[in-house]
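Encoded as structure tokens, the structure appears first; notes follow it.
The values are calculated or read from the model by the stated rules, or taken from the named source; none is laboratory data. All values reported here derive from a predicted model rather than from experimental measurement. When we count neighbours, we look across all protein chains shown, and the Cβ atoms used for this are built from the backbone with ideal geometry, even at glycine.
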Amino acid sequence: MAQVPYTSFYLGPFAVYTSPTGMQSNITNVPYLGGSLHQGDYCDLQADEAAVWNQNFGSDLYPGRYRFVQLSSRATAANLAFGKPVGWGLGLTVAQVIVAAGGTGYTIAATGAASGQVTITSSTSGGTAPATALITLAAGVITGAQLTFAGAGFTSVPTFGLTELASGSGGSVLARQFVDPSFISSFDGSCAQLSTARGVILAAPTAAQVTAGAWVVIQEQGVANVNVTAGTSISAGGYVAATTGAVVTASAAATSRPIGYLGDLLDLVGANVPQNARVSLNLAVQQG
């Protein structure tokens, strides 16, 4: 992930892009792998640059950090629109396997051996292909695990049932799914967790674009227009927090940050919702 000029976002901040470089062949639809924009790249937009974007694309954007990210195909299109919160995408593949517990008394079903190596297969968990891992047994104890195939299309974290082992108990091999700051989902049950928002989205992709795993721009730092969908009349100085279903609630200032905290209000929020309000985003800074 690299910092790039704001001009690298050549279709603008509100577009839905169809490749990880933002470009593809008009003839073959194959993505170009060159160019100056790639998945994960970001720009720290300055005030004069924000004015250019606003002039060219007709909306109220402010200085801050904007990043080019991919949408999870599990995201909910109805919860994706200008100013709505987004979360970390739940990976569609397994990135790592770990031995959570070695157990005792295990033998390999095919050979009856208490030592050696055997390939184990995960559940499908809504995916199109299970993950596989090579585990090592030593005197009936699981001592190691190495991912050999990441699987595909998971909609929840897969599990390893250890059915390839003939006996034993107490062992556990866990899958850890792919996580990346440039892979996001709508802020609902489709994202990895609801305790921390990833930023706010600028585009409004269609369901078909979501299914295709399109690329969009999110804002993760600076002053952002946030779509507030719940709450009573709140004066500037309050805060906003995201909850499931991409609902954003405005509340009076608190002494501690709530789950889903997005940032602090810079505008008065009226009793009529939804409405956009300027918010000083206060999210964890992402490396890159």
A95 meets each of (1) closer than 24 Å to S182 by Cα; (2) surrounded by 19 or more Cβ atoms within 10 Å (Cβ to Cβ); (3) of a type in the set (G, A, S) with one exception, condition (2)
Could you please tell me which pairs satisfy a Cβ distance under 7 Å, a separation of 6+ or placement on different chains, a first residue in the stretch 256-270 that is assigned by TED's automatic domain parsing to the domain that holds I201, and a second residue that is part of a strand (DSSP E or B) and modelled with pLDDT under 80?
L265/I234; V269/I234
So, of the residues in the stretch 34-45 that are touching a residue at least 40 places away in the same chain (Cβ under 8 Å) and not aromatic (F, W, Y), which turns out to be farthest from Q286 (Cα to Cα)?
L45
In the stretch 49-89, residues that are more than 25 Å from A192 (Cα to Cα) and touching a Pro at 6+ places or on another chain (Cβ under 9 Å) total 6
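Yes or no, residue by residue, for (1) touching a Leu at 6+ places or on another chain (Cβ under 7 Å); (2) at pLDDT 95 or above; (3) hydrophobic (A, V, I, L, M, F, W, C):
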{"position": "T21", "(1), (2), (3)": "yes, no, no"}
{"position": "N26", "(1), (2), (3)": "no, no, no"}
{"position": "Y32", "(1), (2), (3)": "no, no, no"}
{"position": "D60", "(1), (2), (3)": "no, no, no"}
{"position": "P63", "(1), (2), (3)": "yes, yes, no"}
{"position": "Y66", "(1), (2), (3)": "yes, yes, no"}
{"position": "R74", "(1), (2), (3)": "yes, no, no"}
{"position": "L92", "(1), (2), (3)": "no, no, yes"}
Only one residue in A242, A250, A224, A236 is in a strand (DSSP E or B) and either modelled with pLDDT under 85 or on the phi > 0 side of the Ramachandran plot (or both), so which one is that?
A250
Sort through T119, T132, T128 and tell me the only one that's modelled with pLDDT under 95 and over 30 Å from T7 (Cα atoms).
T128
Inside the stretch 51-141, counting only strands (runs of 3 or more DSSP E) that do not spill past its ends, which hold 1 or more residues that are touching a residue at least 12 places away in the same chain (Cβ under 8 Å) and under 25 Å from the mean Cα position of the chain (by Cα)?
64-71, 85-88, 94-108, 132-138
Taking V179 as meeting all but one of (1) exposed (fewer than 14 other Cβ atoms within 10 Å of the Cβ); (2) over 30 Å from Q209 (Cα atoms), write down the number of the exception.
(2)
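Do we have any residue at all in the stretch 142-162 that's in a strand (DSSP E or B) and touching a residue at least 60 places away in the same chain (Cβ under 8 Å)?
Checked the stretch 142-162: at least one residue is in a strand (DSSP E or B) and touching a residue at least 60 places away in the same chain (Cβ under 8 Å).
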